[in-house]
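I have placed the structure first, in the form of structure tokens, so that the comments after it can refer back to it.
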Amino acid sequence: MLVFTNVSRIYPDGTQAVKGVSVHLEQGEFCVLLGPSGAGKSTLMNMVNGLVQPTSGKIILDGEPLNKKNLQMIQRSVSMIHQQLYLIPRLSVLHNVLTGILPLAGFWRSMIKSFPFKDQQRACELLSEVGLKEKHLMRRASELSGGQQQRVAIARAFMASPKVVLADEPVASLDPTMSRSVLKSLKKAAQINGATVLCTLHQIDYALEFADRIIALREGEVFFDGAPSEMNSEVQMKLYEIEHEILAQAPQSKPEEAPHLEINIKAVA
Amino acid sequence: MKHAAENTSKRNWREWQAYQAITPKTIFALLITFVLLSWSAHNTEMDKAAVETGQAVLSAVGIGDSNVLNGVSKFGRQAFPIQFSTRTELSRLEGVDLEYLPWLSYIETGISKEYDMQTDTWTQEKVEYLVEPVGYLKKVLRMMWETIEMGFWGTMISIMISLPLGILAARNYSPHPVVYHLARGWLSFHRSMPELIVALFLVLIYGFGPIAGVLALAIHTSGVLGKFFADEIENAPKGPQMALSSAGANSLKVLRYAVFPHVLPAWIAYIQYIFERNIRTATVLGIVGAGGIGMELKGRWDLFDYDHVATILLIIFITVVVLEAFSQKLRNKTL
């Protein structure tokens, strides 16, 4: 369904973030991307929703190749849960979720914040799926706790019935109990809506617990690809070793951070 | 140079050049600043102001004489008691029903003396006056209300002008750099025109009355407000905007959902400030004939009716204080 064929990306500063990645994702798969910082996880994900263009190789979503021409169509069938969430703090929870279908909403109706009843019901359904209550509906997003905000972001991502949901470290700032419950919500929402999820994580135990499939990246290349049961301790150890190796080297630049900044600026401008 | 740098990098920490608060350079700079400030203060007669104010203070405690204090006391003697009432000859008024006089008013009979130059005689005549004890106060309050309305409409028109211009003048939402520069230029052009001067021209065009005042306020403050609006849009957090635009929403929708909710409290605070400021300025605009209480103030000032002037000043003062308190309350609610 989502096919990467020999995809590479070289940033203008010469960093080769992704090197010849070929992966085939099935519909409805919950796939976790593992790997040390700077391994190219974020770059790989941002290539799916057009925030980053691949230097070479092809990405095919549902038979449609990704390119600049059909970017808008792709952006509507791919949604993203950002690491910093990027909810709108002063907007109500309901409207934050409804912004998920903003690209499809009528222009004048959306200007006065009037959404069709059908869409509002869908938003409520999604919010209850991720475990929020009616009392949260009209609260401002900024009034919620971190875990609740994360759930709102998940509901927003599923609002437009996307084919693919990209989650960039969705539990980076949560405690273990909350992380587990948020991941559960994410998986449940994905199952109900039949969406493929591509999720980056730093915690291997969560990956083993929730993933249908784990892809581990190492310096831009696929290091491991398979079911969680195949990911034995030897593979894990190797991943850690590599991490230690990288840490032992003198830090020249942070390849993950610099390109990320560039992406944000481009996307807003 | 390189050699010296190598030398310093090898120095022991005991020999490091640490921070020095006062250097000959700072002393020299302070001296230059002092000389320049003194020169400028002399140009603006600040030295004379200091001397005369000092004299006034001394004279107030009984030492010497002061022009300033004499001026104050001259105005004070004429301004008090302040004038709330009106006294009009009945024969000059038309259609006064003696059965139903206006509220609180009464008829007073007085004697009017007139001097005839040709015969060198005084003629006395009995005249009836209609006295309204708070008549003048009512008139001033009516004009103050007109001034507040001028401030209000000046602000409204200013928002209508500055909202679209402000969006076009925000770098990240302007459709084209040329539009951005044009909008910024237009706004600063509006800002650079002082109300009083604009009002002078508008009085020539529209004639005496509040139209000139309202438009003058709108033109100047739309420049200020538009710049505030644009800066606020530019400084809104980029993350939520990126999240919506990367999902495929067009820029107007992003503006509506990711920017407006964020900038709204600041915008309301700016608009409140501009409204307050417009009312204060509107009181002055009447001096050039642009409507409001200033017209009455100027008329009375030119007639040396300082008791009437005192009433006007009192009402302006009370209005400004009340408005300030009111808008402070409103601000606490919106933030």
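Throughout, read-outs are computed from the coordinates displayed, never taken from laboratory work. Note that this is a predicted model, so its numbers are computed, not measured. Note that each Cβ is placed from the backbone with ideal geometry, even for glycine, and that neighbours are counted across all protein chains shown.
May I ask which residue of B:ILE82, B:LEU313, A:ASN67 lies farthest towards the positive end of the charge dipole of the protein assembly as shown, with charges of +1 (Lys, Arg) and -1 (Asp, Glu) on Cβ and the Cα centre as origin?
Result: A:ASN67.
About the Cα centre of chain A, how large is the charge dipole given +1 on each Lys and Arg Cβ and -1 on each Asp and Glu Cβ? Please answer in debye to the nearest 20.
Dipole about the Cα centre, nearest 20: 1400 debye.
What is the average number of partner chain Cβ atoms found within 10 Å of a Cβ in B:183-192?
0
Could you pull out every residue, at least 5 positions away or on a different chain, whose amide H is within less than 5 Å of the one on A:GLU221? Hs are placed 1.01 Å off N in the peptide plane, and Pro or chain starts have none.
A:LYS19
Under 13 Å from the 7 Å Cα→Cβ point of B:GLU108, by amide nitrogen: which residues of the range B:115-141?
B:127-136
Take A:THR200, B:THR53 and order them by how many other Cβ atoms sit within 10 Å, fewest up front.
The order, fewest Cβ neighbours first, is B:THR53, A:THR200.
Which residue, chosen from A:SER77, A:HIS24, A:MET111, occupies the Cα position most advanced towards the positive end of the dipole of the range A:1-123, where the dipole is computed from +1 (Lys, Arg) and -1 (Asp, Glu) charges on Cβ about the Cα centre?
The residue sitting farthest along the positive end of the dipole is A:MET111.
Please check: in the Gaussian network model of chain B (C-alpha springs, under 10 Å), which one of B:ALA60, B:ALA183, B:ALA290 has the largest mean-square fluctuation.
Comparing B:ALA60, B:ALA183, B:ALA290 in a Gaussian network model of chain B, the most mobile one is B:ALA60.
Relative to the first principal axis of the alpha-carbon coordinates of chain A, what is the inclination of helix A:257-268, with its axis defined by its Cα atoms, in degrees from 0 to 90 and to the nearest 10?
Compared with the principal axis, the helix lies near 30 degrees.
Which one, A:PRO228, B:TRP122, B:TRP145, projects farthest toward the positive side of the charge dipole computed for the protein assembly as shown from Cβ point charges (K/R +1, D/E -1)?
A:PRO228
Between B:GLU52 and B:ALA21, what length comes free when the chain is fully extended (0.36 nm per residue of separation minus the Cα-Cα distance, one decimal in nm)?
So the extension gain works out to 7.3 nm.
Residue-wise, which Karplus ³J(HN,Hα) couplings in Hz belong to the range B:32-45, taking 6.51 cos²θ - 1.76 cosθ + 1.60, θ = phi - 60°, and x for glycine or proline?
These are the phi-based 3J(HN,Hα) values: 4, 4, 4, 4, 4, 5, 4, 4, 5, 5, 5, 4, 9, 6 Hz.
What does DSSP give for chain A in terms of the percent of beta bridges that are antiparallel, rounded to the nearest 5?
55 percent
For a quick check: with amide H placed at 1.01 Å from N, whose amide H comes under 5 Å from A:ILE81's, ignoring anything fewer than 5 positions away on the same chain?
The answer is A:LEU166, A:ALA167, A:ASP168.
Go through the range B:9-17 residue by residue and turn each phi into a ³J(HN,Hα) via Karplus (6.51, -1.76, 1.60, θ = phi - 60°); whole Hz please, and just put x for glycine and proline.
Each residue's phi maps through the Karplus curve to give 5, 8, 5, 5, 4, 5, 9, 5, 7 Hz.
Mind checking the dipole of the range B:181-335: about its Cα centre, +1 per Lys or Arg Cβ, -1 per Asp or Glu Cβ, Debye to the nearest 20?
The dipole magnitude comes to about 660 debye.
Starting from the 7 Å offset along Cα-to-Cβ, what nm value, one decimal, do you get for the label separation of B:THR121 and B:LEU264?
8.1 nm
What's the center-to-center distance, using Cα atoms, between the range B:273-313 and the range B:156-177 in Å?
33 Å
For chain B, with a Gaussian network of springs between Cα atoms less than 10 Å apart, report the residue from B:THR26, B:THR281, B:THR44 with the top mean-square fluctuation.
B:THR26
Considering only A:TYR206, A:TYR86, A:TYR11, give the residue with the highest GNM mean-square fluctuation for chain A, with springs between Cα atoms whenever their separation is below 10 Å.
Maximum fluctuation in the GNM of chain A, among the listed residues, is at A:TYR86.
Would you mind giving the mean number of other chain beta-carbons within 10 Å of the Cβ of each residue in A:100-106, as a whole number?
Averaged over the peptide's residues, the number is 4.
Please compute the average number of Cβ atoms from other chains found within 10 Å of each residue's Cβ in peptide A:74-83.
Taking all residues of A:74-83 together, the mean is 3.
Cα axis of helix B:46-60 to longest principal axis of chain B: angle in degrees, 0 to 90, nearest 10?
50 degrees
Using +1 on the beta carbon of Lys and Arg, -1 on that of Asp and Glu, and nothing else charged, what's the dipole of the protein assembly as shown about the Cα centre, debye to 20?
1500 debye
Under 20 Å from the Cα of A:LYS238, which lysines turn up, not counting those fewer than eight places away in the same chain?
Result set, ordered by chain and number: A:LYS19, A:LYS41.
For a Förster distance of 30 Å, can you work out the FRET efficiency between the beta-carbons of B:ASP231 and B:TRP301, rounded to the nearest 0.05?
For R0 = 30 Å, the calculated efficiency reads 0.15.
Counting only helical runs of four or more DSSP H residues, what would the 222 nm mean residue ellipticity of the protein assembly as shown come to if each run contributes -39,500 (n - 2.57) and the total is spread over all its residues?
-17500 deg cm²/dmol
If neighbour count is taken as other Cβ atoms inside 10 Å, put B:VAL51, B:VAL224, A:VAL52, A:VAL97 in order from fewest to most.
The most exposed by this proxy come first: B:VAL51, B:VAL224, A:VAL52, A:VAL97.
Return A:LEU183, B:LEU313 ranked ascending by Cβ neighbour count within 10 Å, so the fewest neighbours appear first.
Fewest-to-most Cβ neighbours within 10 Å comes out as B:LEU313, A:LEU183.
HN-Hα J couplings of the range A:177-186 from phi, Karplus 6.51/-1.76/1.60, θ = phi - 60°, integer Hz, Gly and Pro as x?
Each residue of the range A:177-186 in turn: 4, 5, 4, 4, 5, 5, 4, 4, 4, 4 Hz.
Quick one: length gained pulling A:SER229 to A:PHE107 fully straight, 0.36 nm per residue minus the C-alpha distance?
Separation in residues times 0.36 nm, less the Cα-Cα distance, equals 39.1 nm.
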